[in-house]
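Note sheet for the following structure.
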Amino acid sequence: MRLKILATGAMVLALSANARADGPEQYSIHESLHVGDKIPGSMTVDQTFDNTEKDNGATVHKITHYKQFLKTIETVVAEKDGSATEAKIDVLSESYDTTKEGDSPETKTPCSLSGQSLNLRRRADETVINDFKGQADETDLDNVNGSITPDEDYFPDKSVAVGDSWDASDKVSKHADLKTGDKLLAQCKLDWVKETDGKKMGQITCVCATVRHGAGDIEQDMLSTTTCLVDMTAGQIVKADQTGTSHDFSPKDSTDPVEVKGEFRFHGEANGIQRATTQP
């Protein structure tokens, strides 16, 4: 089973700080993209799956490692409240995929979307569609589609101080491809704000737990932690790192028991915002 990483690709936000005489400094966090803005970025996704199945009564054990490296340029085509609702994604030729099964040598191939340009649109029901017509790896498409997921999902709806936490479950759930009976809980926190190399930087951490149900009554339990490094002056998350585990398993009374334990890592970087020459 391929795991859909809860990542947002290039992340951009605007933060404003207001000093309060009666308490700690408060920060309002909002995404602030404009039509025509360009966001060069990259992401690396590493996934390892430990798969155990029964074959004619014998236990079959297999470990598979997948890696995707995606380098893109996102151009905002339409936005609402500072978040992109339509975007053009150029997938650069440096993008690639690798696969390693058991003791077999690792294979490396160009990303199935290398050199392609895709137009993405976030619909009213928050699902994402694209205009790609060719054959592509499902994980590559998922990673590209994630580029348009609103960064606002992880931000509080009111001003917060360092150390404050907020529940992001409802917003994150809208873009987690949940089905009936699935559940997701997400808790975010502003860890710190400080000067680093002459820049005011902040860190936001989100802990997310998800329970999904698939074909054959298979359940997937997933736990992840995402850490975002924010350039407060530029109004941009410059790095995002996610680690997590997944556990897929069939019911105890299943005639064909399946168990898959997974580990995953995500690293994303946004290399600045090339602002449109004309701003509203």
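Values quoted throughout were computed directly from the atomic coordinates according to the rules given, and no laboratory measurement underlies them. For clarity, every value in this text was computed on a predicted model and none was experimentally measured. Positions of Cβ are backbone-derived with ideal geometry, glycine not excepted, and every protein chain shown enters the neighbour counts.
Some values worked out for this structure:
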read-out	value
Helical mean residue ellipticity (222 nm; -39500 (n - 2.57) per DSSP H run of 4+; nearest 500) of the chain	-1000 deg cm²/dmol
Residue exposure sequence - 222, 43, 201 - by fewest surrounding Cβ within 10 Å	201, 222, 43
Among 84, 161, 136: highest mean-square fluctuation, GNM of the chain, C-alpha pairs under 10 Å	136
Estimated FRET transfer efficiency (residue 185, residue 63; beta-carbon r; R0 35 Å; 0.05)	0.75
Top of 182, 97, 256 by mean-square fluctuation, Gaussian network on the chain, Cα under 10 Å	256
Per-selection Kirkwood Rh - segment 121-270 (Cα, Å, 1 d.p.)	17.5
Rh (Kirkwood; distinct C-alpha pairs) - the chain, Å	20.1
Amide hydrogen neighbours beyond the local backbone of residue 92, cut-off 5 Å, H modeled	71, 72, 73, 115
Value of relative contact order over the chain, rounded to a whole percent, pairs C-alpha under 8 Å and six or more apart	21
Debye, to nearest 20: dipole size of the chain, +1 on Lys, Arg Cβ, -1 on Asp, Glu Cβ	560
